[in-house]
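Have a look at the structure below before the remarks.
Read-outs: derived from the displayed coordinates by stated rules, not from any lab. Since the model is a prediction, treat every value here as computed from it, not as a measurement. Note that we place each Cβ from the backbone using ideal geometry, even for glycine, and neighbour counts take in every protein chain shown.
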Amino acid sequence: MTRLYLGNAFGWDTDTTAKVAIAQLREERIISVGKCPKAQLIKNESIRWQPNILKILGYIPVINIIAGIIAIANSENSREYNPNHTALWRGRGVAMIFGGPLLLVVDSIVHLYNLSIANGYSNDHANLIQAFNTAHAHTPAYWPGHPVYCQ
């Protein structure tokens with residue numbers, strides 16, 4: 001089984017890939033299984049736009065240099081992230097500085113590959129993905145990473 005992680009340096013984070021990443025992290029007990037998976041997805045969604053916007057800025061000539069520096073400076077590790085998260089984001093930053101728009105091709109290929117992993121996992125573990133379909137509501141994520149609670 002191939003692992004997906006949250007906040008990948010290459011490719012784009014989407015709801016589909018985030019659901020699979022969260023399900024895998026819950027399955028391996030890397031993140032809490034006591035919390036609602038939908039709440040974990042909503043919290044991740046509030047954070048997800050930051051790396052995706054940084055990647056988009058990295059495609060724009062001249063701005064790609066600033067985006068690359070930001071990617072290098074703000075790379076950090078966390079339990080939800082790939083074990084090589086910091087190194088990959090630093091590599092991404094360097095690639096942004098020197099490659100800029102060419103990363104669009106790389107991200108597209110990685111995104112398609114991640115979607116194929118997500119689709120395979122969703123088919124094989126439909127019950128884990130089904131857990132994201134809850135009948136209850138959740139509090140909004142008022143700022144990126146803000147805790148989300150079940151209502």
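Using a Cα-Cα cut-off of under 26 Å, which lysines could be cross-linked to LYS55, ignoring same-chain neighbours fewer than 8 residues away? Filter leaves LYS19, LYS38, LYS43.
Please give the helix 37-58 orientation as an angle from the longest Cα principal axis of the chain, in degrees from 0 to 90, rounded to the nearest 10. So the helix axis and the longest Cα principal axis differ by about 10 degrees.
Under a straight-distance cross-link criterion of Cα-Cα below 14 Å, which aspartates and glutamates are reachable from LYS35, leaving out those fewer than 8 residues away in the same chain? Leaving aside aspartates and glutamates fewer than 8 places away in the same chain, those within reach of LYS35 are GLU27. If R0 is taken as 41 Å, the Cβ-Cβ distance between THR2 and ILE66 corresponds to a FRET efficiency of 0.80. Residues whose amide H lies under 5 Å from that of HIS138, counting only those 5 or more places away or on a different chain, are GLN151; hydrogens are built 1.01 Å from N in the peptide plane. The length gained by stretching the chain between ARG29 and GLU45 to full extension, at 0.36 nm per residue less their Cα-Cα distance, is 3.7 nm.
Each peptide among 54-62, 7-15 gets the average number of other Cβ atoms lying within 10 Å of its residues, and from highest to lowest they stand as 7-15, 54-62.
Dividing the summed -39500 (n - 2.57) terms of all DSSP H runs of n ≥ 4 by the residue count of the chain sets its mean residue ellipticity at 222 nm at -19000 deg cm²/dmol.
Could you compute the net charge surrounding PHE10? Neighbours are other residues with a C-beta less than 13 Å from the C-beta of PHE10; K and R count +1, D and E count -1. Spell out each step's value before the answer.
Details: positive: LYS55, ARG90, ARG92; negative: ASP13, ASP107.
Local charge sum for PHE10: +1.
Relative to the current alpha-carbon distance between VAL110 and PHE98, full extension at 0.36 nm per residue lengthens the span by 2.4 nm.
Would you mind estimating how fast the chain diffuses translationally, via Stokes-Einstein at 10 °C and 1.306 mPa s with the Kirkwood radius over Cα pairs, in µm²/s? Don't skip to the end; give the middle numbers.
Details: Rh = 16.0 Å.
The calculation lands on 99 µm²/s.
Neighbour counts of other Cβ atoms within 10 Å put TYR81, TYR149 in the fewest-to-most order TYR149, TYR81.
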